[in-house]
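Single-structure report; data block below.
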Amino acid sequence: MHAYDAAEQVENTIRLNANESPRRSTIGHFRRPLNRYPEVRPQKLQAALADRFGCRADQLLVTRGSSEAIDLVIRTFCRAGEDSVLVTSPSFSMYRHYAEVQGADLIEVKTLPEQDFAIDVDAILGACQASTRLIFICSPNNPTGTVLARDELERLLVARSDASAIVVDEAYIEFGDKPSATALLDRYRNLLVLRTLSKALGFAGARCGAVAGPVEVIRILSAVQAPYALATPVVECVEDALQDEQLALAEQAVLDTVAERERLAAALMNYDFVRKIWPSDANFLLVRFDDAAGVMQRCQEHNVLLRHFGGALNECIRISVGSRDENNQLLRALDTLKGTNNG
Ligand SMILES: Cc1ncc(COP(=O)(O)O)c(C=O)c1O
């Protein structure tokens, strides 16, 4: 793969090489003119995000949310009808979605319910096939909140070193105290790490994330990604979000969320229709109720939406941790079920 051959962009030149409009619009307050294409890859943002995520700029590609990174990685590594993607279950459903879009086979490996849905590295290694190009590890896992220990991740990286790339999705890592796998990038050439600005930084609407990995892989992923993928308003918004003052506010918001997560977990323990609350390193709690459908219904009547799961997670609901007021509203809704044997 070669990078797209884009029109040259040089500051302080007259740009008659990209069929752009010469008229600079007056809407919005952007530092860069919107009549011009953005950079093919936003260099300053790439450097700032690499610094934040603990890798070098040439080990990182900025993407439209980590969702785009999942799609890019699967399209780059997997041939339709030939290669396979291994996912753990239950986990984030977008890995499956993009594997299906690409026509890659899917291998699903169950996590261990009796061990708080721990990721089972032996089962993963046993399920891998010659065709397995990618193994997705979501840590902390959505929706169970589980983390894969560093030594287990390294065992997987070593065992599959010449066969599969291990994609560690760290969308929720800021809500726990475990270090990022980006620290391992210089040691393993089959490691990819996904990060996002949608959760801890609070910029889901900006659609910005990143994939970090070996330089040669990042170069190929960059060649596959659409040229000019990151729009000027997004680039400028995220550059602003990465200023010290904004980062300090975001860090406080993470601390608030973690405190609320613990308060919510303690409060939920008091309902006799709550059967189990799993430990969580993320911004959500997984909770098993006597009657999850009844809880969903009652919460909806009180204007609170939750996420209900089935399968191995029967009677389980994932509750995203909201603001103090939002969480209180949830608790008020649950109060109305008291003494009803959960409806
Ligand atoms: C585990 C995980 N990875 C990735 C994403 C996608 O995030 P985004 O595309 O907003 O970066 C999500 C969103 O919920 C998620 O839960």
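General remarks:
- Taking 0.36 nm per residue of separation and subtracting the Cα-Cα distance, full extension of the segment from ARG15 to GLN129 would add 35.9 nm.
- Per residue, the average separation of C-alpha pairs within less than 8 Å and at least 6 apart gives the chain a relative contact order of 17 percent.
- Ratio of Rg to Rh over the chain (Cα coordinates, Kirkwood Rh, two decimals): 1.01
- Computed helical MRE - 222 nm, the chain, DSSP H runs ≥ 4 contributing -39500 (n - 2.57), nearest 500: -10500 deg cm²/dmol
- Site pair GLU100 and ASP51 shows an inter-label distance of 4.2 nm when each label is modelled 7 Å from Cα along Cα→Cβ.
- Nearest-10 value in Å² for the accessible area of THR26, using the 1.4 Å probe: 130
- For the range 43-242: relative contact order, % (alpha-carbon pairs under 8 angstrom, 6 or more apart): 26
- Cα pair distances of the range 196-281 binned at 10 Å [whole percent]: 13, 30, 26, 19, 10, 1
- Summed over the residues of the chain and divided among them, the accessible surface reaches 49 Å² per residue at a probe radius of 1.4 Å.
- Nearest-ten-degree value, helix 324-335 long axis tilted from longest Cα axis of the chain: 30
- When only the Cβ of Lys, Arg, Asp and Glu is charged (+1, +1, -1, -1), the dipole of the range 43-242 relative to its Cα centre reaches about 400 debye.
- Solvent-accessible surface (1.4 angstrom probe) belonging to ASP120, in square angstrom, nearest 10: 40
- GNM top mover of SER323, SER25, SER280 - the chain, alpha-carbon springs below 10 Å: SER25
- For the range 246-335, the spread of Cα positions along each principal axis, largest first, Å: 41, 27, 21
- Here the chain carries DSSP beta bridges of which approximately 50% are antiparallel, counting only pairs with both residues inside.
- Peptides ranked, highest mean first, by Cβ atoms within 10 Å: ranges 205-215, 3-13: 205-215, 3-13
- Diffusion constant of the range 38-184 at 4 °C, which comes from Stokes-Einstein with the Kirkwood Cα-pair radius and 1.567 mPa s, µm²/s: 81
- Accessible area of MET1 in the full protein assembly, 1.4 Å probe (Å², nearest 10): 150
- With Cα atoms as the point set, the radius of gyration and Dmax of the range 1-93 evaluate to 18.3, 54 Å.
- Computed log₁₀ I(q)/I(0) - Debye formula, equal Cα scatterers, no solvent, the range 287-343, q 0.17, 0.23 Å⁻¹: -0.50, -0.90
- Each residue, LYS276 and ARG79, gets one label point 7 Å from its Cα in the Cβ direction; the gap between the two is 4.3 nm.
- Charge dipole (Cα centre; +1 on Lys/Arg Cβ, -1 on Asp/Glu Cβ; no other charges) of the chain amounts to roughly 640 debye.
The values are calculated or read from the model by the stated rules, or taken from the named source; none is laboratory data. If you're wondering where the values come from, they're calculated on a predicted model, not measured in any experiment. For neighbour counting, all protein chains shown are included, and Cβ atoms are generated from backbone atoms with ideal geometry for every residue, glycine included. Ligands, DNA and RNA are stripped out before the accessible areas are found, and what is left, the full protein with its side chains, is counted by its heavy atoms. Shrake-Rupley method; radii C 1.70, N 1.55, O 1.52, S 1.80 Å.
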